[in-house]
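Below is one structure, written out as structure tokens; the observations come after it.
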Amino acid sequence: MTPQDTLTQWLEQSAAVHARMLAGGGKPGLAGPAQVAGKTGMEIMQAMLAGELPYPHIAETLDFALIEIAPGKATFQGTPQLKHYNPLGTVHGGWYATLLDSAVGCAVHTMMPAGRAYTTAELSVNIVRAASHASGPLRAIGSVIHCGRQLATAEGRIVGPDGKLYAHATTTCLVFEVPAQG
């Protein structure tokens, strides 16, 4: 598949996901405890993709979106824009970090049984190629390395449609029981 074919596929997939989320009533917001009670992490992520649960506001702020999930995997797509630049005229490192944190964190989220949650304890990001507003869409792909009862680890990569690597990351997440609502 050529980079242009990959780009076309990415844009079509992103448009289809966005349309499905909107059709399901999806909008930015916070899911309430009652909305996620009794659901596995995978079920929560599927409900978000279907527009049944809100997606995080940060996705609108930084212009990225969840594209697909599978057990232990999560893919986000984003396009850096001028509003994401730092004063030096390059894409701010926080844009890469947030996209990667989302991908690796949500990969871990897909592995959570009902009643369990996680939070990022450590995130290490390496930016190896400069992205710009001319780069077009990039994908952050997160994959779980280990998911245990107390800790989970994952790795992620930001790549372009041509397969070039822009950044990579690893994370350690603290896994914990969700406190009972009462």
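Quick notes on this structure:
- Taking segment 103-129 as the range and being outside any strand (DSSP E or B), hydrophobic (A, V, I, L, M, F, W, C) and either surrounded by 13 or more Cβ atoms within 10 Å (Cβ to Cβ) or touching a Gly at 6+ places or on another chain (Cβ under 9 Å) (or both) as the test, the residues that pass are A103, V104, C106, A107, V108, M111, M112, A114.
- Filtered residue count, segment 50-71, keeping only those that are among the small types (G, A, S) and either assigned to a helix (DSSP H, G or I) or touching a Cys at 6+ places or on another chain (Cβ under 6 Å) (or both): 1
- Number of positions in segment 130-148 that are loosely packed, with under 14 Cβ neighbours inside 10 Å, assigned to a loop (DSSP other than H, G, I, E, B), at pLDDT 95 or above and not small (G, A, S): 0
- Applying the criterion of being over 21 Å from V36 (Cα atoms) and aliphatic (A, V, I, L, M) to the residues of segment 77-110, the residue that is farthest from the chain's Cα centre (by Cα) is L88.
- Hits in segment 48-60 (condition: of a type in the set (A, V, I, L, M, F, W, C), buried (at least 18 other Cβ atoms within 10 Å of the Cβ) and more than 18 Å from I141 (Cβ to Cβ)): L53
- Residues in segment 68-102 that are farther than 16 Å from I44 by Cβ, crowded, with 18+ Cβ neighbours inside 10 Å and of a type in the set (A, V, I, L, M, F, W, C): V91, W95, L99, L100.
- Among (1) in contact with a His (Cβ under 8 Å, 6 or more places away or on another chain); (2) buried (at least 18 other Cβ atoms within 10 Å of the Cβ); (3) at pLDDT below 95 - the single one D63 does not satisfy: (2)
- Top-ranked residue of segment 149-166 - restricted to ones that are part of a strand (DSSP E or B) and among the small types (G, A, S), ranked as nearest to the chain's Cα centre (by Cα): G156
- For beta carbons closer than 8 Å, sequence separation of 6+ or different chains, a first residue in segment 46-74 that is in contact (Cβ under 8 Å) with a residue 12 or more places away in the chain and on the phi > 0 side of the Ramachandran plot and a second that is surrounded by fewer than 18 Cβ atoms within 10 Å (Cβ to Cβ) and assigned to a helix (DSSP H, G or I), the qualifying pairs are G51/R20; G51/L22; G51/A23.
- Annotation note: Cβ proximity below 9 Å between a residue of segment 4-29 that is without any contact (Cβ under 8 Å) to a residue 40 or more places away in the chain and surrounded by 11 or more Cβ atoms within 10 Å (Cβ to Cβ) and a residue that is in a helix (DSSP H, G or I) and among the basic types (K, R) (sequence gap 6+ or interchain) occurs for G26/R20.
The values are calculated or read from the model by the stated rules, or taken from the named source; none is laboratory data. Predicted model only: the values in this text are computed from it and were never measured. Reconstructed Cβ throughout: ideal geometry from the backbone, glycine too, with neighbour counts over all protein chains shown.
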